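Each reported figure results from applying straightforward, stated rules to the coordinates on display, with no laboratory input. None of the values given here were measured: they were computed from a predicted structure. Methodologically, a virtual Cβ is constructed for each residue, glycine included, from the backbone with ideal geometry; neighbour enumeration extends over all protein chains shown.
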Amino acid sequence: MILLLGAACAFADGILITYPKLQDEVLDKPGQVGAFPKIGPHPLSVKYHRVRVNIQDRVARTVIDQVFRNEQNVDLEGIYLFPIPENAAITDFTLFINGKRMSGQILEKDKAKEVYEEIVKRMRDPGLLEYYGRDLFRVRVYPVGAHSETRIQLAYNEIIRFEAGTYRYVYPLDTERFSPLPIEEIVVEVDIGSSVPIKSVYSPTHAIDIRKETIRAKVGYEGRSVKPSRDFVLYYTVSEEDIGLNVLFHRNPGEKGYFMLMVATGVIDIHPIPKDLVFILDTSGSMREGKIAQAKATLRFCLKNLGENDRFSIVQFATTTNLLSNTLLEATSGSVKEALTFVEGFDARGGTNIHDALEAGFRLFESSERPKMVLFITDGEPTVGETDMPVILQDLLSVNTQKARVFVFGVGHDVNTHLLDSIAEEHRGLSEYVRPDEDLEWRVSTLYKKISDPILSDIHLDLGKIRTSDIYPVTLPDIFRGEQLLLVGRYRSEGEVQVTLSGSAQGMNRRFRSSFEFPLEKKENDFLPRIWATRRIGYLMSEIRLKGEHEELIDEILRLSTEFGIVTPYTSFLIVERETNFARWGIPQGMEAEVREKGERYRATMRKTTGEEPVAQSMDIQSMKERSIPVESSFDTVKQVGAKTFYLRNGIWVDSQYREGMAVEEVKFLSGRYFGLLSKNPSLGRYFSNGKNIIVVFGSKCFKISE
C-alpha cells in the first residue's frame, strides 16, 4: 500500500495516472493538473501495447495502440500523458468514452514543465522528470470503468535525426520506474524505406529482428510480461558505396572519446569471393549414438551449399586421421557426390587426436588470395597423439602458414574449452559450444550460412591521424554478405579524418573510404562507454582465463567494473577480496559471504578446462566480447543512466564519478532551487528522476539532492 500511495501508474509510452473521481473545479483550474485525494492511485494493468512505425527517408510516422485494464471495483478518473519526441507533431488521437470521442491538449515545453513539476510535487515521485524539457500531450480520461478496458490510439509524425549517413529514431518506452506490474505484451514494428541503399541497422537498447533489402528494411521487437527500462532507439545507415562506413561518437569535455564504427555490405553487386574450406570432424568413440548422426547431417548440409567456385576437403579423425583428398577439390557435382559417400562411411570409434587432425587440415591449403576457413567439430579433449596444450598451440601456429580462420564447435561438456578457445582466438576465428540438448546441425548450418558468402577478406582499418586505443574486436573478421560489423574503441585527438577500410575481394585489393569528424565533445550516444567497457572486460577476463591472473589485468577489471557498474561473478569476488566498504561497490549488506563463495567457485572454474561450468563460462565471456547492447546490472543497489552509474550507499544514490572531498551543493528535494536547476539544465532530469536522495556530478559541479 505504501508503494502504491507513493507512485503514479504508468505503462508503455503513455502515462495514465488514475484515482477516484477528481474534483472538477481543481482539475479545470489553469495550470493545475488536479488535486490528488487522500486515497492513493490505483494501478492499471496493460493488456497490450503495439507500435507501428513507417519511416521514409527522414519522415517517420508512429502509430500507438494501447489497452489499459481497470481491475478495481470502482470507476476511476485519470490523466493520460504522452511525452512528445523532439520535432514531432500529434496527428491523430482516439479515445471513446460512452460513445463520445475525447479531445486532448498539446502543451509546449514551458507549460509541460509546470505539469511535470505539479505531479512530482503532489506525488513526491521524481520519475516523470525523465521527460522534463519535452512537449506534452494531455487528455482527461473519465470514467475508466470498473472491470473494463480503455483503448487509446495515438499517432504522430516527426523528422528524425540524420547525421553523416546515419539516421536515429527514438520511441519513448522507458517506464520501469512507473509501472507497478509487467506489461503483458509489447510489439514494436518498424518499416524503413530509403532512396539510398540501406547498410547497417542497429539498436543499442533492444534485441531486434532485422530483414533487409536494398532500399527497404523491416525491424521487429517483441516482449511479453516485461517492464521496459529504456527508450527504444534505432540507428540505420545509408550509403551508395558497396560497403558502407559510418561512425557514432560520444565524448565528454576534457576526456577521451568513444566511437563505434559500423561496417555493412547491404545488398550489393560484388560477387562472393571463392573460398577454400576444410571440414574437420571428430569421429572418436564419444561421438557415438546421436552425435555422429547429427555431425553427418551437418556435413551434408555444408557440402550441398558450397559455392560453384569453392574448393574443399574433409578430414575425419579419431585415433588417426583420414582425408577425403590430399589436395583441395573443386566443388563440382562429382566431387560433392564423392564427399557425401565419404561422409556416409563415418563411424564413431577410437580416441581423439586433435593435434594431427588440425595439422593435416592446415597443410591442405595452398597459397592464394582466397579466404581460407576451417570448420572444426569435436566433442572431446586430446587423448592420443600430442596432448600437451602449449605444444599443440605452438605447432598449429607454425603449420598454419596460409592464415586460415578456424571456426570451432565444441559438442557437449567434455571438451577442453581452454584449448578450443585458444585455437579459435589464435587463428582469427570463433569458438561456439553446442550443449547436449541442442541441435548440432542447426547451430553449425547457421554459422555456415553466415560465412558462406565472403565479400572482403583480410581486412585492415586505417583511422588516419586520429589517435585511438583499445578497439574491439581485437582481430578484425572477414566481412560477409548481408552481415554488419560493429567496432568500438576510444580516441584521444579530434578533427576530420578519412577512414579507410581495405581488404581482398576476388583476388583484388579494394579500398572503401569515408570522411568523419571526430568531435571534441558529443553528448549523444551515451550507451557507447558501457558497450566498450563490457567488451574490454570480456577480453581481459578471457586473457586471465587462458593465461592466468596478473595484477594489472585485475586492477583494470576492477576499475572498469566500478566506473561502469558492470558486475560479473568474477568482479564481485575481486571486490569482496580486496575491499572492506562493500556498499560503495553496490554489493548489498549481508551478501559478502555469498558473493565470496560464488566468486571462489567462478575463479576455480576459470582454471578448469572441461565440464558444464567451463563451457558456460566460455560462452558468457564470448558474449561480453561481442556485446552490442549495454549490459544491465543484476544488483538492486546499482542503477545505470546513460553513461552514468549510481550506487546506493546509506540510502543515497551516488554517482560513480563522485570522489570524497568534492565541492558539493546541497539542494532540497522539490525546492525552488531544485526546479530551477532543472529549468536551466533539462538534461539533469534523467538523473534527478532516479530518486529523492541522490548525488550527481554534472560537468564541473556536484549536486546532492536530499529530502
Contour excess over end-to-end distance, with Cα ends at Asp92 and Glu551 and 0.36 nm allotted per residue:
159.2 nm
Could you check what % of the DSSP bridge pairs in the chain are antiparallel, to the nearest 5?
75 percent
Cross-link reach list, lysines versus Lys403, counting only Cα pairs under 16 Å and skipping chain neighbours closer than eight places:
Lys275, Lys372
Give the order of Val187, Val641 when sorted by the count of other beta carbons within 10 angstrom, beginning with the fewest.
Val187, Val641
Convex hull of Cα atoms in segment 477-580, direction-averaged projection (nm²):
10.2 nm²
Which of the lysines could a cross-linker span from Lys608 if the Cα-Cα distance has to be under 25 Å and same-chain partners fewer than 8 positions apart are dropped?
Lys291, Lys547, Lys598, Lys625
Normalised per residue, the volume of the convex hull around the Cα set of segment 252-326 (Å³)
240 Å³
Fewest-first ranking of Cys302, Cys702, using other Cβ atoms within 10 Å as the exposure measure:
Cys702, Cys302
Ranked by how many other beta carbons lie within 10 Å on average, peptides 606-616, 72-82 from highest:
72-82, 606-616
Which order do peptides 363-372, 122-131, 275-284 fall in by mean Cβ count within 10 Å, highest first?
275-284, 122-131, 363-372
For segment 616-707, with equal point scatterers placed on the C-alpha atoms only and solvent neglected, what are the log10 I(q)/I(0) values from the Debye formula at q = 0.15, 0.23, 0.25, 0.26 1/Å, to two decimals?
-0.63, -1.18, -1.35, -1.43
Quick check: convex hull over the Cα atoms of segment 418-464, volume per residue in Å³, rounded to an integer?
112 Å³
Order of Asp231, Asp110 - criterion: other Cβ atoms within 10 Å of each residue's Cβ, fewest first
Asp110, Asp231
On the principal axes of its Cα set, how long, how wide and how thick is segment 220-366? Give whole Å, largest value first.
62, 41, 34
Each label sits 7 Å from Cα toward the beta-carbon; between Thr320 and Phe162 the label points are separated, in nm, by 6.7 nm
For the chain, what does the helix formula give at 222 nm: sum of -39500 (n - 2.57) over DSSP H segments with n ≥ 4, over the residue count, nearest 500 deg cm²/dmol?
-8000 deg cm²/dmol
Counting sequence-distant residues (5 or more places) and residues on other chains, those with an amide H built under 5 Å from that of Asn246 are Met262
Enclosed volume per residue, in Å³, of the convex hull spanned by Cα atoms of segment 528-625:
89 Å³
Return the ratio Rg/(2.2 N^0.38 Å) for the chain, where Rg is computed over Cα atoms only.
1.08
Please work out how much length the chain gains when fully extended from Gln105 to Ser225, using 0.36 nm per residue of separation minus the C-alpha to C-alpha distance, in nm with one decimal.
40.1 nm
What do you get when you divide the Cα radius of gyration of segment 292-357 by 2.2 N^0.38 Å, with N the number of residues?
1.13
Largest first, please: the extent of the C-alpha atoms of segment 276-452 along each principal axis, to the nearest Å.
38, 35, 28
Run the reach check for Lys704 against lysines, Cα to Cα strictly under 25 Å, same-chain hits fewer than 8 apart removed. What comes back?
Lys113, Lys121, Lys523, Lys639, Lys644, Lys668, Lys680, Lys692
